[in-house]
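The structure appears below as structure tokens.
Every number here is computed from the coordinates shown, using simple stated rules; none is lab data. Model, not experiment: these values are computed from the prediction. Backbone-built Cβ (ideal geometry, glycine too); neighbour counts: all protein chains shown.
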């Protein structure tokens, strides 16, 4: 019986070899962020994974961003960047991630995010 439990525990830890635990290669993502129909600039768009993926920080300039991100599901929020005044007008709910605000990032993703 103890051999069976050891084997079962070992297979559970190894995951039966079905998943290597390595994230997929990053893909290029681009998009824009607006607040009240105006481009957001001088702050940083944060992508926080809610499933697979890795944290990403993308500076916003003239409302646009571009960068390499691991494919997966994310929530997004804005953090202070080079422009403190721009950050202060961001609504409080967009200063932290939220599970009801999720996006999927895959190859060639073009995102259009509004902070209204």
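Below, the figures for the structure above:
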read-out: Overall form of region 25-114 per C-alpha gyration tensor (a/c, 1.5; a/b vs b/c); value: prolate
read-out: Two-site label geometry, residue 88 and residue 27: point separation in nm, points 7 Å out along Cα→Cβ; value: 3.9 nm
read-out: Mean separation of Cα contacts under 8 Å, 6 or more apart, over the residue count of region 25-114: relative contact order %; value: 38 percent
